Structures are given as C-alpha cells and as structure tokens.
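One structure below.
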Amino acid sequence: NLDDGVRKSALKELNETANPQTLYRLIKVLSYQNIPDIQRAYAFEAIKTLGEHGTKALIVGLESPGEPIRQISAQGLIKIGKPACNSLVENLRSEDPITRQVIANILIEIGKPAVQALNQAIWDERDSELSGLAKAVLYNIDNLEAQKAHQNLYFRYVTWPEIKKWAQALAPSYL
C-alpha cells in the first residue's frame with residue numbers, strides 16, 4: 001500500500017532527525033479543525049514513536065499561546081502516559097502558571113503511572129514549590145482513584161452467589 005509506505009518512510013525520517021521545530025509543526029497541524037481523523041491518528045502515532053523527542057515537542061506545545069495546540073499537546077502526552085511523566089514533573093517548574101496547571105491536569109489524567117515520578121519530586125529538597133505541587137497532584141490522583149473505586153463498587157453487576165457469600169461472611173448465623 002502506497003500510503004502505508006509513505007507513512008513508514010515519514011516516521012523513519014522523523015525518528016532519524018528528531019528536529020524539535022519539525023515536531024512542533026506536526027503538533028500545530030494536529031490543531032487544525034478540518035484535518036481527517038486518519039491523518040490525526042498518524043500524526044499522534046509519529047509523535048508517540050519518538051519517545052523523549054516527542055515528549056519534549058509536546059511539552060513545548062503546552063506553552064503555546066494557542067488553545068488548540070495546548071489541547072492537542074495535552075492529548076498526546078496523556079496518550080504517551082508513563083514515559084512522559086518524568087519530563088512532565090520537571091516542567092511543573094514552568095514560569096507560566098497556566099502551563100503548570102495544564103501539566104498538573106495531565107499528570108492527574110495519567111494517574112497511577114505518574115506516581116513514581118511525583119514521589120521523586122516530593123523529596124526534592126532543592127525546590128519546595130515543586131515538592132508542594134507534586135503533593136497536590138498526588139492528592140488529586142488518590143482522590144480520583146478513590147472515586148473510580150467507589151463508582152465501581154456501586155455500579156458493578158453483583159451476582160447472587162457473591163451477595164450470599166458476603167452475607168455469610170458478615171452474619172453466618174442468619175443464613
């Protein structure tokens with residue numbers, strides 16, 4: 001397939017050059033409203049395969065004054081997940097409060113995979129502000145995880161044998 005060959009060749013070129021400006025342009029193209037979904041998926045795939053280079057470019061995109069570029073960059077970092085967490089935590093030091101808030105929200109969305117990087121930041125004695133932000137993000141991750149667990153507890157389909165088993169464990173004399 002010609003499209004597949006072109007895509008693979010473009011991915012190879014991106015991986016070999018890893019030029020941050022090229023990556024930033026790719027992110028900017030993703031922010032266009034009329035881009036077909038398949039092209040958007042290919043662009044995300046390209047960025048994700050670049051590992052640390054892709055993460056850095058997406059973080060640069062978070063500092064963009066344009067909201068669509070920030071949103072696309074945030075989506076990309078969430079898709080990358082755990083491999084992006086160390087860079088995201090480092091960039092919680094950003095001078096821009098909006099960028100710090102966006103990064104905090106990305107880490108919260110990533111959830112448990114971000115915990116290790118955040119724990120390291122908590123113990124960073126050089127930067128008490130970073131430590132405080134990391135604690136706040138961890139607190140929000142814990143709350144979100146607790147809410148998910150709570151929802152799963154109440155909205156999970158429970159079978160009669162499970163109910164009977166729980167009832168016997170709680171009050172065996174009644175059954």
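Structure notes:
- In this view, the solvent-accessible surface of Y32, computed with a 1.4 Å probe and all protein chains in place, comes to about 110 Å².
- Packing, as the average of other Cβ atoms within 10 Å across residues, places the peptides 117-129, 61-73 in the order 61-73, 117-129, highest first.
- Note on I98 and Q116: the model spin-label points, each 7 Å out from Cα along the C-beta direction, lie 3.4 nm apart.
- Sequentially through the range 101-117, phi angles give Karplus couplings (6.51, -1.76, 1.60; θ = phi - 60°) of 5, 5, 5, 4, 5, 5, 4, 5, 5, 5, x, 3, x, 8, 4, 4, 5 Hz, Gly and Pro residues having no value and appearing as x.
- Each residue, K79 and Q147, gets one label point 7 Å from its Cα in the Cβ direction; the gap between the two is 2.5 nm.
- Greater than 19 Å apart at Cα, pairs in K56/K112; K56/K79; K28/K112; K79/K112; K79/K135: K56/K112; K28/K112; K79/K135
The values are calculated or read from the model by the stated rules, or taken from the named source; none is laboratory data. Quick caveat, the model's predicted, so the values are computed rather than measured. Cβ atoms come from the backbone with ideal geometry, glycine included; neighbour counts cover every protein chain shown. Side chains are part of the model used for accessible areas, which takes the heavy atoms of the whole protein and leaves out ligands, DNA and RNA. Shrake-Rupley method; radii C 1.70, N 1.55, O 1.52, S 1.80 Å.
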